[in-house]
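The values are calculated or read from the model by the stated rules, or taken from the named source; none is laboratory data. Because the structure is predicted, anything quoted here is derived from the model rather than measured. Cβ placement follows ideal geometry from the backbone for every residue including glycine, while neighbour counts extend to all protein chains displayed. For accessibility, only protein heavy atoms count, side chains too; no ligands or nucleic acids. Shrake-Rupley method; radii C 1.70, N 1.55, O 1.52, S 1.80 Å.
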2 protein chains.
Amino acid sequence: MAAEPGHDAVEVIGAKRDGRELSDAQIDWVVDGYTRGAVADEQMAAMAMAITLNGMSRREIARWTAAMIASGERMDFSSLSRPTADKHSTGGVGDKITLPLAPLVAACGVAVPQLSGRGLGHTGGTLDKLESIPGWRAALSNEEVLAQLESVGAVVCAAGDGLAPADKKLYALRDVTGTVPSIPLIASSIMSKKIAEGTGALVLDVKVGTGAFMTTVDEARELATTMVALGQDAGVTTVALLTDMSTPLGLTAGNAVEVQESLDVLAGGGPADVVELTLALAREMLAGAGRDDVDPADRLADGSAMDVWRAMICAQGGDPSAALPTARETQVVVAPASGTLTRLDALAVGLASWRLGAGRARKEDVVQAGAGIVWHARPGDAVQEGEPLFTLHTDEPERFGRALEALEGGYDVGDGSAYTPAPLLIERVG
Amino acid sequence: MAAEPGHDAVEVIGAKRDGRELSDAQIDWVVDGYTRGAVADEQMAAMAMAITLNGMSRREIARWTAAMIASGERMDFSSLSRPTADKHSTGGVGDKITLPLAPLVAACGVAVPQLSGRGLGHTGGTLDKLESIPGWRAALSNEEVLAQLESVGAVVCAAGDGLAPADKKLYALRDVTGTVPSIPLIASSIMSKKIAEGTGALVLDVKVGTGAFMTTVDEARELATTMVALGQDAGVTTVALLTDMSTPLGLTAGNAVEVQESLDVLAGGGPADVVELTLALAREMLAGAGRDDVDPADRLADGSAMDVWRAMICAQGGDPSAALPTARETQVVVAPASGTLTRLDALAVGLASWRLGAGRARKEDVVQAGAGIVWHARPGDAVQEGEPLFTLHTDEPERFGRALEALEGGYDVGDGSAYTPAPLLIERVG
């Protein structure tokens, strides 16, 4: 029976099912076997569910992450003339922060190698947003990434297939087997890619609230603590910020509309919350890379961050001066009463944007560059009955109905005297 | 997202993962979808692990069982001139009880439709034992089963593919995904086949001890109680006996050696424990079928059970008078000391028999008809140093080494003054 191919997998699954800690050898064997196909999808699905329900120790998570890194190649930026720093967000609504942040940090003398995945579900994807810029392409070779980091200082591109292939396979499996909500599996998935990517410093933006994957501060803190420890154990200077995602970021959710808002920030304007979070993350990245002598606010003010943005877009085939695409149809939702906007729910806005065509349900879906939603007030702002509160954008007007349904109950207009804004920056873990 | 094929499966898996009760509609959907291939193996594997770890309510188990029955055909014995009763054992070492039991109960006027699976692992299979009889064949059509029940009164044959195909698929999946040890899944697997088989009464022999799947009385009682409730809810008169499997049954484990021991019982002799258990199960089957006016001990004594045995073997192509096959090689293990055999471990004996070639590790393996093990004393019996304690049988002498390893530490010879035998019949659930 010991010679039977599936038998060792059954033993390792059984250990986790029965609440035992897996040995280093068991973890290496099962992750390598899954990558090679010797451990079948159904076996890894049972294992993932056992991990989801029984958890993993700190040591097991570290080993699991190391095994996923070992399944593929690691990038090496030691030949660059500058230090490197990257940022990862766990996903939020209107979260365009990477767009102004990457060129801003590069303008401060720290290279930003941001290798991203595609968005799935209501939180949107950075690559989808950038692809609304005419000509811009997400796919770069490893050599192109290295060359652009040296010449421009910032790269936002699609992660190649060579990085952590075990994670790529496991991520797709978890998506269809109900095994996404597991802190050990989320933490090892994110950190295996970021460590393999080769960044020297890493700042994690862990979102908390209705529009985020983690809806409570306790869960978000556990995820953040787990990831920070993984990064530090692997020699990557890692900190995490827990930030609010009960309200969407800025005034836009979608693709081209978020690029436009990012340009406003790079031009020295833009919504106050987007600027605040961009600067907070930039300061952490600079500190992690040993460059906390530079104030990123200066680089926004003097236009140098915008210069890097233009160079970064050009280097990947985009035309930074071209007009951004707009949706064929728009629909306005007016304020139902006069008063103060006291609540704007991130999940409602995210679902509306997704249903308008800005996001995808399946990875083979095509997103609309012009689709999305713009809101004309943020919580705390005064609104006037009958004046525009939202503008919905889509190429397909039949999408308005379900987007409006998503918005229903997603905002309150009332008496502003008792309104107190929730803080954007909740906690720092590092 | 609601239109996405995998999406409903993810929702149903997520409900069980999060500890919620599944609705009837969810259970029907997932079992039917799995049978048709709309729910993938990896999705059912995650579901099975969530069930293994979070359990199912009595209502969920009943619905799951009903959905597995509904995945295939049901047999109908209402046209027979006699009532029907069947027995199912959860699997033990030396458990040849079906062989004398089926013809004995038929000789008492109750038809026995025993549709069996193949043995896997150390507990051996009834069909493998019967196939050691020259000419005997396990495969019968539904029409042949019905005709033989009417003419002979007893059938032991392979369960057709039409009965509970969802269970057949799920059983194979559980075997490779570490999701075998789940009382809801074990109970629904056994009972879906037995209810679909169409028997009017059912007696469950739930084994407890080292050689059984359930090693504690509490676990065995929970399994028994669950199965009895499932049977009664489905209109099958069902009782369960919890019986000891810390010691193997009788004096033989294997294939032809167990047939020979069964013939001894049918001839009015045989080991006392095999006779005791055969009669106890026969009385329960007769009571379940409304025929407790008949004493099965009389039918062993008057030879009528042996007559049915011979008719049953002939009807399936076997020659009941042919010599049984013997193994090419034997090896004797002698008693290490004089005294009393105070312990004989069922798992050790089962593993030894399996390693001698009597059982299979994979379903495509071929078993040896002559392989097995005979022990010359039972716990409580006196043994003499240097006299034979075990005889090992196999066609392949290279198997002796690992069989002897399995026996090591599996028995004790000592002072018999403090020895008290464990009761064979532990508890009745019904």
*Mind listing the Cα extents of the range B:320-383 along all three principal axes, in Å, largest one first?*
42, 30, 21
_Within chain A, helix-based [θ] at 222 nm, where runs of 4 or more DSSP H residues each add -39,500 (n - 2.57), nearest 500_ = -13000 deg cm²/dmol
*Could you tell me which of rounded, prolate or oblate describes the range B:85-315, using a ≥ b ≥ c as the square roots of the eigenvalues of the alpha-carbon gyration tensor, with rounded for a/c under 1.5 and, failing that, prolate when a/b is larger than b/c and oblate otherwise?*
rounded
*Mind listing which trypsin sites (Lys or Arg not before Pro) in the range A:48-120 are in a DSSP loop and have 13 or fewer other Cβ atoms within 10 Å?*
A:Arg74
*When you look at the Cβ of every residue in A:33-41, what mean number of other chain Cβ atoms sits within 10 Å?*
1
*Antiparallel bridge percentage (DSSP; both residues within the protein assembly as shown; nearest 5)*: 55
*Per residue of A:385-394, how many C-beta atoms from partner chains lie within 10 Å of its own C-beta, taken as a mean?*
0
_At 1.4 Å probe size, with the rest of the protein present, what percent of the exposed accessible area of the range A:85-315 is carbon and sulfur atoms?_
53
*Rh (Kirkwood; distinct C-alpha pairs) - the range B:240-373, Å*: 17.2
*Taking the mean number of other Cβ atoms within 10 Å as a proxy for protection, how do you rank B:401-410, B:374-383 from highest to lowest?*
B:374-383, B:401-410
_Between 0 and 90°, nearest 10: helix A:183-197 axis offset from chain A longest Cα axis_ = 90
_What number results when the radius of gyration of the protein assembly as shown, computed over Cα atoms, is divided by 2.2 N^0.38 Å?_
1.21
*Would you check the accessible area of B:Leu351, probe 1.4 Å, heavy atoms only, in square angstrom rounded to 10?*
50
_For A:Lys16, give me every one of the lysines with a C-alpha distance below 25 angstrom, ignoring sequence neighbours fewer than eight places off in its own chain._
A:Lys168, A:Lys169, A:Lys193, B:Lys16, B:Lys169
*Solvent exposure ordering (accessible area, 1.4 Å, most first) of A:Thr35, A:Thr65*: A:Thr35, A:Thr65
*Average accessible surface area per residue within the range B:243-335, 1.4 Å rolling probe, Å²*: 39
*How big is the convex hull of the Cα atoms of chain A, per residue, in Å³?*
141
*Can you list, shortest first and in nm, the gaps between the label point of B:Gly55 and those of its counterparts in the other copies, using a point 7 Å from Cα in the C-beta direction?*
2.0
*asked:* Sort A:Tyr419, B:Tyr34 by heavy-atom solvent-accessible area, probe 1.4 angstrom, most to least.
replied: A:Tyr419, B:Tyr34
*With everything on Cα atoms, drop me the angle between helix B:24-36 and the longest principal axis of chain B, reported from 0 to 90° to the nearest 10.*
70
*Set of aspartates and glutamates with alpha-carbon distance to B:Lys96 below 17 Å, sequence-local pairs under 8 removed*: B:Asp86, B:Asp128, B:Glu131, B:Asp205, B:Asp244, B:Glu258, B:Glu261, B:Asp264, B:Asp273, B:Glu276
*Kindly sort B:Thr225, B:Thr179, B:Thr52 by accessible area of their heavy atoms, largest first, with the probe set to 1.4 Å.*
B:Thr225, B:Thr52, B:Thr179
_Given a 10 angstrom Cα cut-off, can you work out which residue in B:Ala358, B:Ala172, B:Ala196 is the most mobile in a GNM of chain B?_
B:Ala172
*Answer rounded, prolate or oblate for the range B:9-55, using the Cα gyration tensor with square roots of eigenvalues a ≥ b ≥ c: rounded when a/c is under 1.5, else prolate when a/b is larger than b/c, else oblate.*
oblate
*In nm, to one decimal, how far is the modelled label at B:Lys363 from the one at A:Asp395, with both set 7 Å along Cα→Cβ?*
4.9
_Pseudo-label separations to other copies for B:Asp307 - Cα-to-Cβ vector, 7 Å, nm_ = 11.0
*What FRET efficiency, computed as 1/(1 + (r/R0)^6) with R0 = 30 Å and r the Cβ-Cβ distance, is obtained for B:Ala337 and B:Ala422, rounded to the nearest 0.05?*
0.85
*Helix A:272-288 versus the longest principal axis of chain A: what angle, 0 to 90°, nearest 10, using Cα atoms?*
40
*Gyration tensor verdict on the range A:41-190 (Cα atoms; rounded if a/c is under 1.5, prolate if a/b is larger than b/c, oblate otherwise)*: prolate
*Leaving out ligands, DNA and RNA but keeping every protein chain, what accessible area does A:Thr215 have, in Å² rounded to the nearest 10, with a 1.4 Å probe?*
80
*Find every distance from the label point of A:Glu427 to the corresponding label point in the other copies (7 Å from Cα along Cα→Cβ) and write them in nm, one decimal, shortest first.*
4.6
